[in-house]
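A.B. asks: This is the structure, below, for whatever I ask next.
Please treat every number below as a calculation from the coordinates, not as lab data. Every value quoted in this text rests on a predicted model; they were computed, and no experiment measured them. Cβ atoms come from the backbone with ideal geometry, glycine included; neighbour counts cover every protein chain shown.
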Amino acid sequence: IPKNQPYRTGYHFQPSKNWMNDPNGPMVYKGIYHLMYQWNPLGVVWGNIVWAHATSTDLVNWIHHKHAIVTSEPFDIKGVWSGSTTFVNGKPIIQYTGIIESNQWNYQVQNMAVPKNLSDPYLVEWDKPAKWNPIMKPTDGVNASAFRDPTTAWKGPDGRWRTIIGSKIDRKGMAIMYRSKDFIHWIKARKPLHSARNTGMWECPDFFPVALKGMNGVDTSAMGPLVKHVMKVSLDDTRHEYYTVGTYDHVKDRYIPDQGSIESDTGLRYDYGKFYASKTFFDHEKNRRVLWGWINESSTVEEDTKKGWSGLQAVPRTLWLDRSGKQLMQWPVREINSLRAKRAILPSQVLKRGSVIKISGITASQADVDVHFELPKLADAEIMDPSWVNPQLLCSAKPASAKGKLGPFGLLVLASKKFEEQTAIFFRVYNNHGKYVVVMCSDQSRSSLEESNDKTTYGAFVNVDPYHDKLSLRSLIDHSIVESFGVGGKACITARVYPKLAVGGGAQLYVFNNGTQNVKISSLKAWSMKKAHIKY
Ligand code: DQQ
């Protein structure tokens, strides 16, 4: 690892060097968590992809093993792309996309890989049975360069397995479904499980059940009256992910969203900042569903070349259905708390209009901070302009420096001593005909004196009633990444930032209120975070 690396993270998953993208085949097996990922052994941009492989007992500290899957056979000689793990009679089987030699560009097929030694909890050796591979080919009208990223399969009441593959026909994105009795021979269903017009290629689809009540996860094959289903896709066009909550009709084998749709701009997202090619798995040992997502850089290739790496994985998140049944909730896995070290507390107090309070005594460049706000006088909220339908545009038009009434209030992270640099994560509250609208913003516009970075501001509406609920904000700060969780995980925003001054000891943390109304901090706790151990 090159020395003097101000942007390398302390507790996010990243390889020793080079390019990383999608998380692949995550699972837990015999008490060991597995994360495989798309990795370029030869450079800082995408290419030469292998499935790198690391394991962990706690989702925090990792040990690398030899690559799980590399190109070698006619059915994957030009590439081993993303895929998922399914437990079939207790045995993990990987399905992944292989690129084959062809006159056609990026000709895609699906393959399977099985562990060579099931008694090895680290599952170091994988076998790609030449007898069966490829298990799915782009036949009858399927676009061979748009046929990839198999999901974890699920078993229907008829005993047959189902899996979906991301695809498109012209601009219509879809999840093609296959069925199998033996997990080897797969037959394409006549109709896709789901599709949506004008969405382009659906990369890395994910389809899974969530319990109607509580925070526990359920097995991917669970269905019936106690669950809803979630369908997520990564849209190649916009590089954003969208999901809907809906019903899986297992008789017709179709997914029907309750409301909204994938093509809509205002659709639900796991994360309203950077987050792509994500994948969940059911952690049957801790009864939770865990989400992994790839966070790419916001710096130029020149900068990435200098630092020698590109790409992070978000801290894995537990994911469950909100009580409303209309959206998901997310929260960093609790194991990450084991890295919390020195703590700073701010006693409950009024955060006066115009004030900026420093949180001292922790390493602000590698920290976890959790703040809860109370709003004494909601009636003073600004009037909502009906044209503000896009929260990202609203946040860009009204950055942290734009004074409001109730807000902006929140955190200034990775701030330099004289505020030449700062990343602001904050709320604003509006009054929309007597109903309150809360917007959460992550403002990167002043995050670095370096001009070449992408400093796009992100925003999300938070479906919360500030009359009854506290507006809380948790941010995981780690040198060049800030992952923020609004109101217990109702809205999440991840940003990449590359400060020049606010690095190491030069970084500071503040809580601020740039509104004309006072708000109350009912609690604020911040921790220095220890380094995670990643062995390469
Ligand atoms: N990355 C993989 C593909 C997938 C894309 C290739 C999404 O399988 O569609 O590295 O980032």
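A.B. asks: For a Förster distance of 30 Å, can you work out the FRET efficiency between the beta-carbons of I345 and K535, rounded to the nearest 0.05?
C.D. replies: On the way: r = 34 Å, r/R0 = 1.14.
Here the calculated transfer efficiency is 0.30.
A.B. asks: Next question, about the same structure. Less than 17 Å from a label point 7 Å out along the Cα-to-Cβ axis of T305: which backbone N atoms in segment 35-67 qualify, by residue?
C.D. replies: 42-47
A.B. asks: Cβ neighbours within 10 Å, averaged per peptide: list 197-208, 380-391 in order, most packed at the top.
C.D. replies: So the peptides 197-208, 380-391, ranked by packing, come out 197-208, 380-391.
A.B. asks: Right, here's the next one. How would H433, H194, H67 line up from fewest to most surrounding beta-carbon atoms within 10 angstrom? Present the calculation step by step, with values, prior to reporting the outcome.
C.D. replies: Values: H433 8, H194 26, H67 16.
Starting with the residue having the fewest Cβ neighbours, the order is H433, H67, H194.
A.B. asks: As I understand it, the dipole of the chain uses +1 on the Cβ of Lys and Arg and -1 on the Cβ of Asp and Glu, about the Cα centre. Which of Y270, V210, G159 lies farthest toward its positive end?
C.D. replies: So the residue furthest toward the plus end is V210.
A.B. asks: Which lysines, on any chain, are close to K455 with Cα under 23 Å apart, when same-chain ones fewer than 8 places away are left out?
C.D. replies: List returned: K274, K306, K307, K398, K403, K417, K418, K500.
A.B. asks: Further question: Grab the DSSP H runs of the chain that are 4 residues or longer, score each as -39,500 (n - 2.57), total them, divide by all residues and round the 222 nm result to the nearest 500 deg cm²/dmol.
C.D. replies: After summing the helix terms and dividing by the residues of the chain, the value is -500 deg cm²/dmol.
A.B. asks: If you don't mind, another one. Can you tell me which of 362-374, 148-160 comes out highest on packing, and rank the rest after it, using the mean Cβ neighbours within 10 Å? Walk me through the numbers before you get to the answer.
C.D. replies: Numbers: 362-374: 21.8, 148-160: 20.0.
The densest-packed peptide leads the list: 362-374, 148-160.
A.B. asks: Let me ask something else about it. Taking a ≥ b ≥ c as the square roots of the Cα gyration tensor eigenvalues, with a/c under 1.5 meaning rounded and otherwise prolate when a/b beats b/c, else oblate, which class fits segment 1-149?
C.D. replies: Note, shape of segment 1-149 comes out oblate.
A.B. asks: Which order do the peptides 460-471, 4-15, 180-191, 418-429 come out in when sorted by mean C-beta neighbours inside 10 angstrom, highest first?
C.D. replies: So the peptides 460-471, 4-15, 180-191, 418-429, ranked by packing, come out 418-429, 4-15, 460-471, 180-191.
A.B. asks: Turning to a different aspect of this structure: Under a point-charge model restricted to the Cβ atoms of Lys and Arg (+1) and Asp and Glu (-1), what is the dipole moment magnitude of segment 18-332 relative to its Cα centre, in debye to the nearest 20?
C.D. replies: The calculated dipole for segment 18-332 is roughly 880 debye.
A.B. asks: For the residues H65, H533, H284, what sequence is obtained by ranking on other C-beta atoms within 10 Å, fewest first?
C.D. replies: H533, H284, H65
A.B. asks: Over the chain, what is the relative contact order in percent, taking alpha-carbon pairs closer than 8 angstrom and at least six residues apart?
C.D. replies: Reported as a whole number, the value is 14 percent.
A.B. asks: Ratio to report: Rg/Rh of segment 107-158, with Cα atoms as the point set and Rh obtained by the Kirkwood method; give two decimals.
C.D. replies: Here Rg/Rh amounts to 1.07.
A.B. asks: Taking 56 Å as R0, compute the FRET efficiency from the Cβ-Cβ separation of D454 and K131 and round it to 0.05.
C.D. replies: Working: r = 47 Å, r/R0 = 0.84.
It comes out at approximately 0.75.
A.B. asks: Can you give the charge dipole size of segment 339-535 about its Cα centre, rounded to the nearest 20 debye, using +1 on the beta carbon of Lys and Arg and -1 on the beta carbon of Asp and Glu?
C.D. replies: 640 debye
A.B. asks: Residue by residue through segment 192-204, what is 3J(HN,Hα) from phi via Karplus (6.51 cos²θ - 1.76 cosθ + 1.60, θ = phi - 60°)? Round to whole Hz and write x for glycine and proline.
C.D. replies: Here the 3J(HN,Hα) series is x, 5, 6, 7, 8, 4, 6, 10, x, 4, 8, 8, 6 Hz.
A.B. asks: In addition: Once label points are set 7 Å from the Cα along Cα→Cβ at both S338 and H185, what is their separation, rounded to one decimal in nm?
C.D. replies: 4.6 nm
A.B. asks: Using only alpha carbon pairs under 8 Å that are at least six residues apart, calculate the relative contact order of segment 339-535 and give it in whole percent. Each step should come with its number before you reach the end.
C.D. replies: Details: 541 pairs, mean separation 79.6, N = 197.
Answer for segment 339-535 is 40 percent.
A.B. asks: On to the next question. In terms of modelled amide H atoms, which long-range or inter-chain residues lie less than 5 Å from the amide H of F13?
C.D. replies: Q313
A.B. asks: Give, in nm to one decimal, the length gained when the segment between Y122 and K435 is fully stretched (0.36 nm per residue of separation minus the Cα-Cα distance).
C.D. replies: 107.4 nm
A.B. asks: Set Lys and Arg Cβ to +1 and Asp and Glu Cβ to -1, take the dipole of the chain about its Cα centre, and tell me which of Q95, H12, F512 lies farthest positive.
C.D. replies: Farthest along the dipole direction, towards plus: F512.
A.B. asks: If you place +1 on the Cβ of every Lys and Arg and -1 on the Cβ of every Asp and Glu, how big does the dipole about the Cα centre of the chain come out, in debye to the nearest 20?
C.D. replies: Using Cβ point charges on Lys, Arg, Asp and Glu, the chain gives about 960 debye.
A.B. asks: In sequence order, what are the phi-derived ³J(HN,Hα) couplings for segment 394-402 according to the Karplus relation 6.51 cos²θ - 1.76 cosθ + 1.60 with θ = phi - 60°, rounded to whole Hz, with x for glycine and proline?
C.D. replies: 4, 5, 6, 6, 10, x, 4, 6, 7
A.B. asks: In the neighborhood of R446, defined by Cβ-to-Cβ distances under 13 Å, what is the net charge if each Lys or Arg adds +1 and each Asp or Glu adds -1?
C.D. replies: Value of the local net charge: -2.
A.B. asks: Cα gyration tensor of the chain, axes a ≥ b ≥ c as square roots of the eigenvalues: rounded (a/c below 1.5), prolate (a/b > b/c) or oblate?
C.D. replies: Prolate shape, in that a/c is at least 1.5 and a/b is the bigger ratio.
A.B. asks: Counting Lys +1, Arg +1, Asp -1, Glu -1, what net charge surrounds D249 among other residues with beta carbon under 14 Å of its beta carbon?
C.D. replies: +2
A.B. asks: Here's another thing I want to ask about it. How far apart, in nm, are two points set 7 Å out from the Cα along the Cα-to-Cβ line at F419 and at K78?
C.D. replies: 5.5 nm
A.B. asks: Search the structure for amide H atoms under 5 Å from the amide H of E421, placed 1.01 Å from N in the peptide plane, and list their residues when 5 or more places away or on another chain.
C.D. replies: S416
A.B. asks: Can you list the lysines whose alpha carbon is less than 25 Å from that of K213, not counting same-chain residues fewer than 8 positions off?
C.D. replies: K155, K228, K232, K279, K286, K326, K470, K490
A.B. asks: Oh, and also: Using the Karplus curve 6.51 cos²θ - 1.76 cosθ + 1.60 with θ = phi - 60°, work out ³J(HN,Hα) for each residue of segment 43-59 in order, rounded to whole Hz, and write x for Gly and Pro.
C.D. replies: In residue order, the calculated couplings are x, 8, 10, 4, x, 6, 5, 10, 8, 6, 9, 9, 10, 7, 9, 9, 6 Hz.
A.B. asks: Along the positive direction of the dipole of segment 339-535 (beta-carbon charges: Lys, Arg +1; Asp, Glu -1; about the Cα centre), which of A364, F419, Q444 reaches farthest?
C.D. replies: A364
A.B. asks: Starting from segment 35-100, pick out the chymotrypsin sites (Phe, Trp or Tyr not before Pro) whose DSSP state is loop and whose Cβ has at most 12 other Cβ atoms within 10 Å.
C.D. replies: Passing both the DSSP loop test and the Cβ count: no residue.
A.B. asks: Taking the Cβ of R160 as the center, what net charge do the other residues with Cβ under 9 Å away carry, scoring Lys and Arg +1 and Asp and Glu -1? If you can, show how the numbers build up before the last one.
C.D. replies: Values: positive: K155, R162, R179, K181; negative: D158.
Here the charged neighbours net out to +3.
A.B. asks: Is the shape of segment 18-332 best called rounded, prolate or oblate, per the rule: a/c under 1.5 gives rounded, else a/b larger than b/c gives prolate, else oblate, with a ≥ b ≥ c the square roots of the Cα gyration tensor eigenvalues?
C.D. replies: Rounded.
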